[in-house]
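The values are calculated or read from the model by the stated rules, or taken from the named source; none is laboratory data. In this text the structure is predicted, and so the values were computed from the model without any measurement. Cβ coordinates were reconstructed from backbone atoms using ideal geometry, including for glycine residues, and neighbour counts include every protein chain displayed. The protein model used for the area step is the full one, side chains on, heavy atoms only, and it has no ligands, DNA or RNA in it. Shrake-Rupley method; radii C 1.70, N 1.55, O 1.52, S 1.80 Å.
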Amino acid sequence: MRYYNQAKKNSTITVRVMCAIVFCLFCFSWLYWFQADLLTVVQHVLSGGATHYERTTGAILITVILQLLQVAVGTIVRLYRRSHALTYFPSMLLLAILSDVNADIDHHVLLGSWCWLAPLVLVAWGAAVWLARQIVPFPSDKEPTGMLSRRSWSNMLIMTIMMLAVAAVSNTNAVFHYRAHAEQALLHNDIDEALLTGRRSEETDASLTMLRAYALSLKGYMAERLFEYPIAGKGSDLLPLSESSSRFLLLSPDSLFRHLGARPRGEMTADTYYYLLERDTLATPALADYRLCGMLIDKDIDRFAHTLGKYYAIDDSLPKHYKEALTLYTHQRSKPVVVYHNPVNDEDWHDFQELEKQYSLASERRDKVKTRYATSYWYYFFYQ
């Protein structure tokens, strides 16, 4: 009799320890590597920018709190055998709610459907706990114990299902994650990390384009590399003005406006803002690329050609995208106001056109052009 009781006790401890280890590892990893940037945004918004989320401390603290919640729940419901993992459900539910951050959190914080869904799933969980307590199998001294027992793996299955559920309901919007991480990097003056964020992805929005333009401008590469990234929005969206659809999550708009010369007073368009900075001699050298790249984003190559000479000498020292835009303009207009020829760019333009002629299907033509010219302004102009 003593042998059976000891085996039963050891099996119960094994299950509890396994569940605790799996939960703590999952919770900490989820918070530290996947949700840290989003939680930084949440704390920034809720505190009005007064406090800052620290990923290591935050991940440890939240994991400990959720584990303590499980201990309290486990003490109350007393599930120790094949359904012990159900005692982690309230902790998993809170983790899911914490991870389900609305993408427009900079405008308002919403619990969304959790206001009515959370009580319902807790009621369902309560019913499942009651049912599990009613159908607890009578223990047998022939039942295997330890990590490979049916009891252990039934609990691991429950834990796995709950972990997958957390991942399924969390905010997995790639662009939102890119934005949060890029702003985090810029806050820590890690411009290279900001530019690497989402580098291989084609997903973007106006705010992410604004962030990348800002980071490139800080490095002095805006006119060299902006169109190597996917572009979204209009030229005016390069600034977080009232007319724009771009917004910061963590950074203050003043950081960008100081970079260009001064913050705007009141509501105004991007063109008015640029004009006032130049009129009042407040503009920094960065303003030129913001104006010109804004025109290129809008595909207004005529206005670009008229304006370029105000800021740059029309020669081979021009940045990459300006050379490409001028080459395109020169070959597209019968009476160009600016004629620019560069042997390398002219040859590339000829190859670009020849490549397009080889494929009659639009989708195939786009794919082939993208393979060779995805980082050029020409690809953006014709295919984005």
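Quick notes
- Taking (1) part of a loop (DSSP other than H, G, I, E, B); (2) touching a residue at least 12 places away in the same chain (Cβ under 8 Å) in turn, ASN189 satisfies each apart from (2).
- Residues of the stretch 52-85 classified as modelled with pLDDT under 90 and under 27 Å from GLY126 (Cα atoms), total: 12
- Taken over the stretch 189-199, the residue count meeting the criterion of being more than 12 Å from ALA215 (Cα to Cα) and not basic (Lys, Arg) is 1.
- Residues in the stretch 312-339 that are hydroxyl-bearing (Ser, Thr, Tyr) and touching an Asp or Glu at 6+ places or on another chain (Cβ under 7 Å): 1 in all.
This table checks each residue for (1) under 23 Å from LYS323 (Cβ atoms); (2) modelled with pLDDT of 95 or more; (3) basic (Lys, Arg).
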site	(1), (2), (3)
ARG200	no, no, yes
LEU218	yes, yes, no
TYR229	yes, yes, no
LEU238	yes, yes, no
SER242	no, no, no
PHE248	no, no, no
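- Within the stretch 317-336, being in a loop (DSSP other than H, G, I, E, B) and touching a Phe, Trp or Tyr at 6+ places or on another chain (Cβ under 9 Å) holds for LEU318, PRO319, PRO336.
- Test: residue in the stretch 346-356 that is in a loop (DSSP other than H, G, I, E, B) and in contact with a helix residue (DSSP H, G or I) (Cβ under 7 Å, 6 or more places away or on another chain): no
- Exactly one residue out of VAL136, VAL129, VAL101 is closer than 27 Å to THR75 by Cα, modelled with pLDDT under 90 and not in a helix (DSSP H, G or I), and it is VAL136.
A quick yes/no check of all residues on (1) touching a residue at least 40 places away in the same chain (Cβ under 8 Å); (2) of a type in the set (Val, Ile, Thr):
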| residue | (1), (2) |
| --- | --- |
| PHE304 | no, no |
| ALA313 | no, no |
| PRO319 | yes, no |
| GLU324 | yes, no |
| TYR329 | no, no |
| ARG333 | no, no |
| VAL337 | no, yes |
| GLU347 | no, no |
| PHE352 | no, no |
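- Counted residues, the stretch 256-298 - those being open to solvent by 20 Å² or more (accessible area, probe 1.4 Å) and touching a residue at least 60 places away in the same chain (Cβ under 8 Å): 2
- Of the set (1) surrounded by 15 or more Cβ atoms within 10 Å (Cβ to Cβ); (2) among the polar types (S, T, N, Q); (3) more than 20 Å from GLY220 (Cα to Cα), all apply to THR307 but (3).
- Checked across the stretch 195-205, the condition of being assigned to a loop (DSSP other than H, G, I, E, B), in contact with an Asp or Glu (Cβ under 7 Å, 6 or more places away or on another chain) and basic (Lys, Arg) holds for no residue.
- Condition met for SER47 (touching a residue at least 12 places away in the same chain (Cβ under 8 Å), open to solvent by less than 60 Å² (accessible area, probe 1.4 Å) and over 17 Å from ILE97 (Cβ atoms)): no
- Pair list, Cβ under 6 Å, 6 or more apart: the stretch 30-41 residue closer than 21 Å to MET162 by Cβ and open to solvent by less than 30 Å² (accessible area, probe 1.4 Å), other residue modelled with pLDDT under 90 and not in a helix (DSSP H, G or I): LEU38/VAL101; LEU39/TYR53
- Members of the stretch 215-230 that are part of a helix (DSSP H, G or I) and either open to solvent by 20 Å² or more (accessible area, probe 1.4 Å) or hydrophobic (A, V, I, L, M, F, W, C) (or both): ALA215, LEU216, LEU218, LYS219, MET222, ALA223, GLU224, ARG225, LEU226, PHE227, GLU228
- Candidate set from the stretch 371-384 (those that are open to solvent by 60 Å² or more (accessible area, probe 1.4 Å) and free of Cβ contacts under 8 Å to residues at least 40 places away in the same chain); member that is nearest to LYS299 (Cα to Cα): PHE382
- Within the stretch 139-168, restricting attention to residues that are at pLDDT below 80 and in a helix (DSSP H, G or I), the residue that is least open to solvent (accessible area, probe 1.4 Å) is SER152.
- LYS335 within 21 Å of SER217 (Cα to Cα) and either open to solvent by less than 60 Å² (accessible area, probe 1.4 Å) or of a type outside the set (Asp, Glu) (or both): no
- Here is the figure for the stretch 351-365: residues that are within 27 Å of ILE314 (Cβ to Cβ) and open to solvent by 90 Å² or more (accessible area, probe 1.4 Å) total 0.
- Boolean, GLY233 is assigned to a loop (DSSP other than H, G, I, E, B) and among the small types (Gly, Ala, Ser): yes
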